[in-house]
Amino acid sequence: DCREVLLPTMTDQLKYHLERQEDLEACCQLLSNILEVLYKKDVGPTQRHVQIIMEKLLRTVNRTVISMGRDSELIV
């Protein structure tokens with residue numbers, strides 16, 4: 001399964017850029033696209049993959065959003 005290989009690499013890269021507040025719009029779009037694919041019913045089992053994302057990125061995403069403030073264009 002290609003997600004087994006790609007997901008850890010993608011989450012590591014997302015975490016790296018989010019922690020440095022680099023390319024935030026691209027990071028948001030990529031994370032959104034990943035979660036949309038995992039939400040679909042016809043892509044096989046996804047619970048483990050969502051768990052990987054939560055473990056690696058939840059804290060970083062929360063900290064990034066808090067630091068952005070309410071006036072950011074990316075917060076809707």
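The values are calculated or read from the model by the stated rules, or taken from the named source; none is laboratory data. Only a predicted model underlies this, so the values are computations on that prediction, with no experimental measurement involved. Virtual Cβ from ideal backbone geometry, glycine too; neighbours counted across all protein chains shown. These accessible areas exclude ligands, DNA and RNA; they are computed on the full protein's heavy atoms, side chains included. Shrake-Rupley method; radii C 1.70, N 1.55, O 1.52, S 1.80 Å.
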What residue, of E55, E25, is in contact (Cβ under 8 Å) with a residue 40 or more places away in the chain, of a type in the set (D, E, K, R) and open to solvent by 100 Å² or more (accessible area, probe 1.4 Å)? E25
Answer residue from region 28-37, given it is among the aliphatic types (A, V, I, L, M) and surrounded by 17 or more Cβ atoms within 10 Å (Cβ to Cβ) and is farthest from L6 (Cα to Cα) among those: L31
Just wondering, is there one or more residues in region 20-32 that are polar (S, T, N, Q), over 22 Å from I75 (Cα atoms) and touching a helix residue (DSSP H, G or I) at 6+ places or on another chain (Cβ under 9 Å)? no
If we ask which residues in region 1-46 are in contact with a Ser or Thr (Cβ under 6 Å, 6 or more places away or on another chain) and over 18 Å from N62 (Cβ atoms), their number turns out to be 1
